[in-house]
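Below: one structure, written as structure tokens.
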Amino acid sequence: MDYDTSIGGPQQRFPVTSHSAIIAARSDDPNLRERALETIIASYWKPAYKYIRIKWRASNEDAKDLTQSFFANVLEKNSFVSYDSGKASFRTFFRICLDRFLANQLKAEQRLKRGGDVSHSSLDFDGAEAELTRYGPIFDSDPDEYFYREWVRNLFSLTLDSLHLRFRESDREIYFKLFELYDLDDEPGGKTSYASLATRFDLSITEVTNYLAAARREFRKIVLEKMRELTATDEEFRKEARKLMGIEIK
């Protein structure tokens, strides 16, 4: 899939009411804080792992240990409470925290104990390694831009998982299948046509058109929901939506 997607479309406006996990991570309510941290970890562990592998040139096993040690340290010290949205985006703050942690770890030549509340088995490191192989360990001179690209890649991956689940639970899995075949298929040989999809699934071309339009709307909606969770202010959310999706938020 091309992650520099134009699927958002120009000049579209989408109000979003999702709550920010960044703010909830500082809540006095331990259950709310735990759910928020789970959301942040799900969205950031894979970009962090790849960043450690490529930028810090860590081995596969060391990157696994360091990724989990970083999040265990975050949970233990509640590191995100010091985030100031007036100074930088949360994503930049996160990367700076990660760099600082890694520098301290390497300087001390030690590893924090693996585990904590971040389970090794819950993170698909093999999948992350496969992505590094597929897309290539491309790293330029701007670490923030590299981290942003991997953050976007993981955001879209999580969105697709949620999209598939929503359509499956509503007995509309054909919507996702059409979306997958038409919008996500990056195999050589040219894009599948609406007519061929209609024939393959015994649908009219109008049905294919409508189902794809519905899937794209839902995809955009989920991306924005997740993006809202991962930003701390309305201003940051609008900026991220404009940069990634070309969407102006009310």
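The values are calculated or read from the model by the stated rules, or taken from the named source; none is laboratory data. Treat the numbers as computed from the prediction; the structure is a model and nothing was measured. Positions of Cβ are backbone-derived with ideal geometry, glycine not excepted, and every protein chain shown enters the neighbour counts. For the accessible areas, the whole protein counts, side chains as well, though only heavy atoms, and no ligand, DNA or RNA atoms are used. Shrake-Rupley method; radii C 1.70, N 1.55, O 1.52, S 1.80 Å.
Does Lys243 qualify as being within 16 Å of the chain's Cα centre (by Cα) and open to solvent by 80 Å² or more (accessible area, probe 1.4 Å)?
Here the answer is yes, as Lys243 does meet what is asked.
Are there any pairs, at least 6 apart or on different chains, whose C-beta atoms fall under 6 Å, with the first in the range 146-172 and more than 20 Å from Asp124 (Cβ to Cβ) and the second in a helix (DSSP H, G or I), and if so, which?
Pairs found: Phe167/Glu173; Phe167/Tyr175; Phe167/Phe176.
Count, please, the residues in the range 150-204 that happen to be under 30 Å from Ile52 (Cβ atoms), among the charged types (D, E, K, R) and buried (at least 18 other Cβ atoms within 10 Å of the Cβ).
Residues meeting the conditions: 1.
Would you please name the residue that is modelled with the highest pLDDT, looking only at residues in the range 105-137 that are within 13 Å of Pro47 (Cα to Cα) and outside any helix (DSSP H, G or I)?
It comes out as Asp124.
Results for (1) under 15 Å from Asn154 (Cβ atoms); (2) in contact with a strand residue (DSSP E or B) (Cβ under 8 Å, 6 or more places away or on another chain); (3) open to solvent by less than 30 Å² (accessible area, probe 1.4 Å); (4) modelled with pLDDT of 90 or more, shown as yes or no for each residue.
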residue	(1), (2), (3), (4)
Lys46	yes, no, yes, yes
Ala58	no, no, yes, yes
Phe70	no, no, yes, yes
Ser85	no, no, no, yes
Ala88	no, no, no, yes
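Quick one: count up the residues across the range 178-192 that are farther than 12 Å from Leu212 by Cα and modelled with pLDDT of 75 or more.
Number of matching residues: 3.
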